[in-house]
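**Student:** Please find one structure pasted underneath; my questions will follow.
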Amino acid sequence: MDDYVSPEQPCSVNLHELDHHHKRLCRTIAQLEEAIKSRRADSIIDEILRGLIEHTIRHFSAEEQAMEQHGFPDLAGHRVEHQKLIQKLTKFNLSNMAGRPNIPESLLSFLQSLWRNHILKSDKEYDEFVHDRWARDAESRTKT
């Protein structure tokens, strides 16, 4: 499956706490995908949405604090992206509470897109920034 997300996929931003959060999201995606395949997604969607919202708010807060600490230049843009993602998860939750059909499948598609477009791209930009900064700092220390 093209959109399969695996906890073994490279998703490191070289910060243990954030990497742990990303792996947790991988497990949630895999859990939802398996529940859809086994036709039991409707029985766990409330729990998955609740956990995703709590986890995402906690993760985004930690990520933004790390970005601020390291002086990441696109922090404001990343915050806006985070706000939009939380709004989208909130809409999924409200739609689920209203009894709209196909929420598990739509949520899975959203999470796979989140993985590809936010974690593997936007978060990787932060990783590259921090890595480049550490390399420059190390180089300047060796010159002194």
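The values are calculated or read from the model by the stated rules, or taken from the named source; none is laboratory data. The model shown is predicted, which means the values in this text are computed figures rather than measured ones. Quick reminder, even Gly has a Cβ in these numbers, built from the backbone with ideal geometry, and neighbours come from all protein chains shown.
**Student:** Tell me, yes or no, whether segment 111-123 has at least one residue that is among the aromatic types (Phe, Trp, Tyr) and in a helix (DSSP H, G or I).
**Tutor:** Within segment 111-123 (the criterion being among the aromatic types (Phe, Trp, Tyr) and in a helix (DSSP H, G or I)), the answer is yes, since at least one residue qualifies.
**Student:** Only residues that are of a type in the set (Val, Ile, Thr) and in contact with a helix residue (DSSP H, G or I) (Cβ under 7 Å, 6 or more places away or on another chain): list them for segment 75-89, please. It would help to see each step written out before you state the result.
**Tutor:** First pass over segment 75-89, keeping only residues of a type in the set (Val, Ile, Thr): 80, 86.
Within segment 75-89, ILE86 is the sole residue that qualifies.
**Student:** In addition: Among (1) among the charged types (D, E, K, R); (2) without any contact (Cβ under 8 Å) to a residue 40 or more places away in the chain; (3) under 20 Å from GLN31 (Cα atoms), where does ARG136 come up short?
**Tutor:** Checking ARG136 against (1) among the charged types (D, E, K, R); (2) without any contact (Cβ under 8 Å) to a residue 40 or more places away in the chain; (3) under 20 Å from GLN31 (Cα atoms), the one that fails is (3).
**Student:** Just give me the residues in segment 72-108 being free of Cβ contacts under 8 Å to residues at least 40 places away in the same chain and assigned to a loop (DSSP other than H, G, I, E, B), in sequence order. Working first, answer last.
**Tutor:** So the first thing to find is which residues in segment 72-108 are free of Cβ contacts under 8 Å to residues at least 40 places away in the same chain, and the list is 75-77, 79-80, 82-88, 90-91, 94-95, 97-102, 106.
ALA98, GLY99, ARG100, PRO101, ASN102, listed by residue number.
**Student:** Name the residue that is surrounded by the most Cβ atoms within 10 Å (Cβ to Cβ), counting only residues in segment 32-71 that are modelled with pLDDT of 95 or more and not in a helix (DSSP H, G or I).
**Tutor:** The qualifying residue surrounded by the most Cβ atoms within 10 Å (Cβ to Cβ) is ARG40.
**Student:** Still on this structure: Which condition number in (1) at negative phi; (2) out of contact with any Asp or Glu (no Cβ under 8 Å at 6 or more places or on another chain) is the one that GLY71 fails?
**Tutor:** (1)
**Student:** In contact with an Asp or Glu (Cβ under 8 Å, 6 or more places away or on another chain) and closer than 21 Å to LEU25 by Cβ: which single residue out of GLU63, GLU81, GLU54 fits that description? Give the derivation first.
**Tutor:** Details: GLU81 fails: in contact with an Asp or Glu (Cβ under 8 Å, 6 or more places away or on another chain); GLU54 fails: in contact with an Asp or Glu (Cβ under 8 Å, 6 or more places away or on another chain).
Of GLU63, GLU81, GLU54, the one residue that is in contact with an Asp or Glu (Cβ under 8 Å, 6 or more places away or on another chain) and closer than 21 Å to LEU25 by Cβ is GLU63.
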